[in-house]
Amino acid sequence: MKKENINIISTGSIGNAVVINDKILIDCGVSYAKLKEVAKTLQVVLLTHIHIDHFLPSTIKLLAENRPTLRFVCGNWLVNDLIKCGVNKKNIDVINQFNGVLYSNGLKVNMQPTFHNVPNCCYKIILPNKRRIFYATDTYTLDNVSAKEYDYYLIEANYGEEEIEERINAKKTLGMFIYELKAKENHLSQEKADNWLNNNMGYNSEIIYLHGHIDKG
């Protein structure tokens, strides 16, 4: 079976946007210019949380203006922000961990809240061809989440635990601002990501690591 087209437009603190099969946009933290090539074919936009590298109001406004039938999926914490961006309330599909959304073409989207410094979620996507995709970023743990034997895992691996401790200790010695402390509180380490994946992935699962860096600010 042909592989899915998973286009990582951007990931990390510079902005986040992933496009699946030119139809599904997950997170919208980049300029409209970076989405212009796929904007006409998008059918649904999945949004996780309010941080500007995942939710860029100017881009969402342009998507809503240029694609008036485009669907937007989110938790209830983003509804008012979408409306402020000009998204028609009728085009917003609000979901929670108990009730997802099923579209007429067979696409099914579910979510589960995750732990960040603002309300956030991960997404469980079942494509019309029944392949399953899991997406999670900006969380310090996935211990509350189960996603067994998905076809694709798009998951954050923000830092190595040994490396980040070395950075923290070096900055403490120099009296510098320690960004890495916030990274540990709000993001998933490579080790935590791998441990979770080992407990969930199947034999044929494919992994795409996101946020594979640490801001050295």
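The values are calculated or read from the model by the stated rules, or taken from the named source; none is laboratory data. Note that the structure is predicted; figures quoted are calculated from it, not measured. So basically every Cβ, Gly included, is an ideal-geometry build from the backbone, and we count neighbours across all protein chains shown. Accessible surface is based on the protein model in full, side chains and every heavy atom, while ligands, DNA and RNA are left aside. Shrake-Rupley method; radii C 1.70, N 1.55, O 1.52, S 1.80 Å.
In table form, for the structure just shown:
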item	result
Top-ranked residue of segment 180-208 - restricted to ones that are of a type in the set (Ser, Thr, Tyr) and buried (at least 17 other Cβ atoms within 10 Å of the Cβ), ranked as farthest from residue 49 (Cα to Cα)	205
Odd one out for residue 50, checked against (1) open to solvent by 30 Å² or more (accessible area, probe 1.4 Å); (2) not in a loop (DSSP other than H, G, I, E, B)	(2)
Residue 4 more than 17 Å from residue 156 (Cβ to Cβ), at pLDDT 95 or above and open to solvent by 70 Å² or more (accessible area, probe 1.4 Å)	no
Within segment 170-211, considering residues that are within 20 Å of the chain's Cα centre (by Cα) and among the acidic types (Asp, Glu), the one nearest to residue 152 (Cα to Cα)	206
Criterion violated by residue 150 - all others in (1) open to solvent by less than 50 Å² (accessible area, probe 1.4 Å); (2) in contact (Cβ under 8 Å) with a residue 60 or more places away in the chain satisfied	(2)
Selected residue (criterion: modelled with the lowest pLDDT) from residues of segment 108-120 that are open to solvent by less than 40 Å² (accessible area, probe 1.4 Å) and in contact with a helix residue (DSSP H, G or I) (Cβ under 9 Å, 6 or more places away or on another chain)	116
Residues of segment 18-41 that turn out to be of a type in the set (Lys, Arg) and under 18 Å from the mean Cα position of the chain (by Cα), as a count	2
Of all residues in segment 121-147 being charged (D, E, K, R) and closer than 22 Å to residue 43 by Cα, the one that is most open to solvent (accessible area, probe 1.4 Å)	130
Matching residues in segment 8-22 - criterion: being under 18 Å from residue 128 (Cβ atoms) and open to solvent by 10 Å² or more (accessible area, probe 1.4 Å)	21, 22
Selection from segment 86-107 of residues that are surrounded by 13 or more Cβ atoms within 10 Å (Cβ to Cβ), assigned to a loop (DSSP other than H, G, I, E, B) and not small (Gly, Ala, Ser)	87, 88, 95, 96, 97, 103, 107
From 63, 82, 25, 42, residue being open to solvent by less than 80 Å² (accessible area, probe 1.4 Å), part of a strand (DSSP E or B) and out of contact with any His (no Cβ under 8 Å at 6 or more places or on another chain)	25
Tally, over segment 95-141, of residues that are closer than 21 Å to residue 29 by Cβ and of a type outside the set (A, V, I, L, M)	18
Condition check for residue 33: touching a strand residue (DSSP E or B) at 6+ places or on another chain (Cβ under 9 Å), of a type in the set (Gly, Ala, Ser), farther than 18 Å from residue 209 by Cα and open to solvent by 10 Å² or more (accessible area, probe 1.4 Å)	no
Residue tally, condition of a type outside the set (A, V, I, L, M, F, W, C), assigned to a helix (DSSP H, G or I) and buried (at least 16 other Cβ atoms within 10 Å of the Cβ), over segment 66-79	0
